[in-house]
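Colleague: This structure is in structure tokens; I'll ask about it shortly.
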Amino acid sequence: MTTERTLDELLTLARAEDGSYSIDVPDGWQQGRGAFGGLVVGAMVRALELEAGDPSRTLRSVTAQLFGPVMPGPAVMRTETLRAGNAVTTCAVRLLQAGTPQAHAVGVFGRARTLDVDRLQLAAPQLGDWREVESVPVGPPFGPDFAVHFEFRNSGPLPFSGGAAEGVGFIRPKNPGSDRGAAYVAACMDAWWPTVYPMLETPRPMATIDFSLQLVNDLQGLPPDAPLVFRSKCLSVREGYLVEHRELWGKDGRLIALNEQTFAVIK
């Protein structure tokens, strides 16, 4: 019997002699024609971390553009260091299939700095015990293929329910593996459905074309079996493009990451 590979294994990269990295994009993780954006960004995050090569410099932000469908099969990532300063390293990665660029990203890594101010302006969602929230099945024929690999415990409006353009609930991969670093956070952040879905009457295929992630805290000390708390809100919908703000929190109230995405309505 074949055992399904963990998210950690799917995001593990191989290094070639020319310094590039390769990944085998799995079938069954599509979002429309191409691979789930969180998987693509997660793979590029792993490549950026390897390029930076300094554990003392934490990934603070990553900005990615996904301009072509990443299909199941081999993909190559080419990286470069744009600048390595005294405390900050900036790296870039380009993902190619059959020689054609399909996505790229820039990551900023920085050492911890000393500042007298340590403040959080956002209030954590108050959702109670995640075990008391029923898991909602998401997947074909009404949801994307990749969604069957995640567990959604929804506490907000459901898609096509006539509710507000927002999302809230608990999210986690069903088979995460051992690593819960920045690539894991990127995948969890992207998994939830777009905020405009509760306002629609029928499904409309959409794709992330711009993804900006700010990493605030790591997951150290959080129970490995506990999902992350997700919250999103719609900022703008116009001319077939949706801009929304997303957040991930730990069950202890710590802010893990912030995200802003631009979605394009495919048809």
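Colleague: Identify, among 122, 227, 67, the residue whose Cα sits farthest towards the positive end of the charge dipole of the chain, taking +1 on the Cβ of Lys and Arg and -1 on the Cβ of Asp and Glu, with the dipole about the Cα centre.
Modeller: About the Cα centre, the residue reaching furthest to the positive side is 122.
Colleague: OK, next. Relative contact order (percent) for the chain, with alpha-carbon contacts under 8 angstrom and 6 or more residues of separation?
Modeller: 18 percent
Colleague: Under a straight-distance cross-link criterion of Cα-Cα below 19 Å, which lysines are reachable from residue 251, leaving out those fewer than 8 residues away in the same chain?
Modeller: 174
Colleague: I've got another one for you. Which option, [x] 22.1, 74; [y] 17.4, 52; [z] 18.0, 56, is the value of Rg and Dmax of the Cα atoms in Å that was calculated from these coordinates?
Modeller: Only one listed value fits the structure, namely [z].
Colleague: By its C-alpha gyration tensor, with a ≥ b ≥ c as the square roots of the eigenvalues, how is region 1-151 shaped: rounded for a/c under 1.5, else prolate for a/b larger than b/c, else oblate?
Modeller: oblate
Colleague: Something else: Using the Cα centre of the chain as origin and beta-carbon charges of +1 (Lys, Arg) and -1 (Asp, Glu), tell me which of 34, 56, 171 is placed farthest towards the positive end of the dipole.
Modeller: 56
Colleague: At what distance in angstrom do the alpha carbon centres of region 32-102 and region 224-267 lie from each other?
Modeller: Cα centroid to Cα centroid, the span is 20 Å.
Here, each number is a calculation from the coordinates, and none is a lab measurement. None of the values given here were measured: they were computed from a predicted structure. Cβ sites come from the backbone with ideal geometry, for glycine too, and all protein chains shown count toward neighbours.
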